[in-house]
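One structure is given here, and the rest of the page talks about it.
The values are calculated or read from the model by the stated rules, or taken from the named source; none is laboratory data. The structure displayed is predicted, hence computed values, not measured ones. All Cβ positions, even for glycine, are placed from backbone atoms using ideal geometry, and neighbour counts span all protein chains on display. Accessible surface is based on the protein model in full, side chains and every heavy atom, while ligands, DNA and RNA are left aside. Shrake-Rupley method; radii C 1.70, N 1.55, O 1.52, S 1.80 Å.
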Amino acid sequence: MINTYDEALAFIHGRTKFKKIPTLKRMRRLLDELGAPDKHVNAIHIAGTNGKGSTLAFLRNLFQAEGKTVGSFTSPFLIKFNERISVNGVGISDDEILRLTQEIYPTIAKLDAELPEGGPTEFEIVTAMMFKYFAEGHADIVLIEVGLGGLYDSTNVIIPKVSVITSIGWDHMHILGDTLSKIAFQKAGIIKPGVPVVVGGVDPEPLKVIVNQAEHKQSPIQILGQNFKVNDRGEHNWNQEFDFSSADFQLHDLKTALIGDYQTHNAALAIQAYIDYHQLTKRAVDVRNIQKGIAATRWAGRFEKISTKPTIVLDGAHNISAVNLIVDTLQNDFPQGHIYILMGILADKQADKMVDKMATVQNASIILTRFAGPGKRLAANPEKLESQLKTQPENVSAIDDWQDAIRELRRKLTPDDMLLITGSLYFISDARKFLLNPDHNFK
């Protein structure tokens, strides 16, 4: 029997991560055994290679600005497991995690005994916990982030009010496919018949796949750059400024603390999804809530400045698409001073491509480091990775211990310099805990 929070986490994390054959049948069976809680959740569903978390954060603050209680389901967590199921940005309590685990445990044991392939996976269990919790009425609206892909993701049992596809890029190719069109097909799997879908800046070929799926499902589609637009006005005093326009709204002088023109794109997606939701529910949109919600948005680990003197920034650029966006931001908005970039990357990512791209930043030094990978996933060996780089850039070096690297780099920083710590979100989580420890005095 599960009697403590730690035992609940041990049970959850001890479950199978993946099954050989992707299916939603097992997830559907689990939820039906629990009384189909997903059918009692008012939701917006968010998929995409990058930008899911930031778009969710913008949406959460938009709804909170009008007084709603907002639930969210995200992965992975940055500091504590409970963050995955949150209300108004605060993870649920240890007691609630224990209660939910205890309540669904008998059903899991039953499916373990009855299903030929075995019972639910770790992510299926956490997803079921989320649906059960929010079906109890703890939030007015729930923002649900896809775990991986879309079509066969455990969250895809939901029939949302609005679906969002933020971006299509290279990630999880061994599961989702080796072309952007194949990846787009998986992401477009979240589109439900008649449910409006909002789509971000996607290249023409994968966009065709998404549009075809929307047409097939008779789902109204709004596309960034076509049906609604964003005019990025650059970064000023650690605020990204932009305008938003659509057929019905013209919003000027919006500001967000999330830095990067890609964040204004994520904000635009959130605004359009927010507008679509209000149109569906026949409620007026107050533009003051949009301005307030966008300005209030924060998202830990997304170009997050955690120290001013010296300037230290964290960003979970964990794939090549995210690195491309970070490079653009550094080159466009931070051309002054020197940028020290400490990278910790998982070995199963396109690590060499990520480092080669980051090395193109002219005023940067790249330092590769090692961290403890999650579960059985290994972090890339920094010295080996350095030797494997195709371009052999001169501004790349390696320091094996990431804590030693932070201490050493901090000593080098001048007032005009920046230390950017980036790579795997698991690495960012460890670095964030270390840097925010008051004993280390990094602020």
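Couple of notes before you dig in:
- When the residues of region 248-266 are filtered to those that are part of a loop (DSSP other than H, G, I, E, B) and within 16 Å of Asn332 (Cβ to Cβ), the one that is nearest to the chain's Cα centre (by Cα) is Leu258.
- Test result for Leu346, modelled with pLDDT of 90 or more and within 25 Å of Asp401 (Cβ to Cβ): no
- In this entry, Ser93 passes the filter for residues that are without any contact (Cβ under 8 Å) to a residue 24 or more places away in the chain and of a type in the set (S, T, N, Q).
- Breaking point among (1) over 27 Å from Ser219 (Cα atoms); (2) touching a residue at least 40 places away in the same chain (Cβ under 8 Å), for Asp276: (1)
- Residues that are small (Gly, Ala, Ser) and either open to solvent by less than 60 Å² (accessible area, probe 1.4 Å) or touching a Phe, Trp or Tyr at 6+ places or on another chain (Cβ under 7 Å) (or both), drawn from region 348-396: Ala351, Ala359, Ala364, Ser365, Gly373, Ala379, Ala380
- Single condition Ala295 does not satisfy, out of (1) outside any loop (DSSP other than H, G, I, E, B); (2) among the hydrophobic types (A, V, I, L, M, F, W, C); (3) buried (at least 16 other Cβ atoms within 10 Å of the Cβ): (3)
- Residue in region 141-152 that is open to solvent by less than 40 Å² (accessible area, probe 1.4 Å), part of a helix (DSSP H, G or I) and of a type in the set (Asp, Glu) present: no
- Of the strands (runs of 3 or more DSSP E) lying entirely inside region 167-247, those containing at least 2 residues that are under 14 Å from Ala47 (Cβ atoms) and of a type outside the set (D, E, K, R) span 197-199.
- Among the residues of region 200-216, just one is among the β-branched types (Val, Ile, Thr) and touching a residue at least 40 places away in the same chain (Cβ under 8 Å), namely Ile210.
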